[in-house]
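Shown next, in structure tokens, is the structure this report addresses.
What follows is calculated from the coordinates using simple rules that are stated; it is not laboratory data. The model shown is predicted, which means the values in this text are computed figures rather than measured ones. Note that each Cβ is placed from the backbone with ideal geometry, even for glycine, and that neighbours are counted across all protein chains shown.
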């Protein structure tokens, strides 16, 4: 599979547009949280698999053997990957979930392509990393 250009980058705030909703377990009555409609910050992007890891969403449990980093062992909860098609960036200017357009901007004689919001035209890219 070929690496693809993605519409989200590490550090973006994204909205999950598809996935599981909150549901109640019929046996225990416990409410299990879903991920649809929740927002979070992108922690990692994997262009090869076209997945993103979003802070606090899609929590999975993994059994870990005792090791020097985790001498206790046991179960560890961490964020799992989501397919990039399930998330939409949130514009920092207007606060709406948005599609992304590319725009060429000339600064100091150099031309860069930046991501802009479709709704307000504000830049999604920031200089800070």
Quiz prompt | Extended-chain gain in nm, criterion 0.36 nm per residue less alpha-carbon gap, residue 123 and residue 104 | solution = 5.7 nm
Practice problem: Would you calculate the separation in nanometres between label points at residue 39 and residue 112, each defined as 7 Å from the Cα along the Cα-to-beta-carbon direction? | Solution: 2.4
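How high is the relative contact order of segment 1-109, given as a whole-number percent (alpha carbon pairs under 8 Å, six or more residues apart)?
Taking the mean separation of contacting Cα pairs over the length of segment 1-109, I get 26 percent.
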Self-check item: Sequence ranges 65-74, 93-102, ranked by mean other-Cβ count within 10 angstrom, highest first
Solution: 93-102, 65-74
Quiz item: residue 60 to residue 6: extension gain in nm, 0.36 nm per residue of separation minus the Cα-Cα distance?
Solution: 17.0 nm
Exercise. Along Cα→Cβ, 7 Å out, is where each label goes; now give me the distance between the ones at residue 49 and residue 77 in nm to one decimal.
Key: 2.1
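Round to the nearest 0.05 the FRET efficiency obtained for residue 69 and residue 20 when R0 = 35 Å and r is the Cβ-Cβ distance.
Once rounded, the FRET efficiency stands at 0.70.
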Exercise. Take the alpha carbon atoms of segment 1-53, find their radius of gyration, then divide it by 2.2 N^0.38 Å using N residues; give the quotient.
Key: 1.49
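Starting from the coordinates of the alpha-carbon atoms of segment 44-99, obtain the Kirkwood hydrodynamic radius over all distinct pairs and give the value in Å to one decimal.
Result for segment 44-99 stands at 13.6 Å.
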Quiz item: Short version: what are the Cα gyration tensor semi-axes of the chain, square root of 5 times each eigenvalue, largest first, in whole Å?
Solution: 34, 20, 12
